[in-house]
Amino acid sequence: SAEYEALQKEHALWKRMKDFVGVKDGDDFSVFVQSIAFNSLLSLANRTLYAITRRYHIVQKSAGSLNFAISDDFYTDLRPITNLSGGEQFIVSLSLALAISKFASRAVRVDSLFLDEGFGTLSGDLLTEAINALKNLQKEGKMLGIITHVESVINEIDQKIEVRQTSGGHSVLVGAGISGGPGQ
């Protein structure tokens, strides 16, 4: 009968809702929603990560999980994060940081990003591609703050503030817009 079919459809809808929400305190639903946001974040991170490395993707370990591993085009098995070199970990972290910046800026404008070192773990093409990714952000109007001692990174940055040691264990800041320090 039509009434029975309508009740079956309504029952199926409520069953799907129960499957999404899960337990009475809503933990299953919370993880489900976080997983959707996490997938969006990974998608953004993977754009940068693959553009830099041409071989890595961040993947969820399992559906609904907030844990991830690295898919490497050079290997058939997923690589745990602990299996990555320092340079690889830096590139993954950089990609996630850039993704978080983009993800957060959907609701709130994020105009700055600060990176503290890590470039010393990179060399060759990875370093060049990481610098290019940051330059592209700068072209989009983002302000970047990079703390580094790596000469090739320093040479690529036009505007710099340098910390220079002086006698007696003191330091001074030197660069555009810096004034009022000792010897200035």
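Derivation of every value follows stated rules applied to the coordinates shown; laboratory data play no part. Just so it is clear, the structure is predicted and the values come from calculations on it, not from any experiment.
Odds and ends about this structure:
- Ignoring lysines fewer than eight residues from K18 along the same chain, the ones with Cα atoms less than 26 angstrom from its Cα are K9, K61.
- Reachable lysines from K15, criterion Cα separation under 25 angstrom, eight or more residues apart if same chain: K24
- Of all lysines in the structure, those lying under 20 Å Cα to Cα from K139, and not within fewer than 8 positions of it along the same chain, are K102, K160.
- Extension gain, S85 to I161, is 24.4 nm, computed as 0.36 nm per intervening residue step minus the present C-alpha separation.
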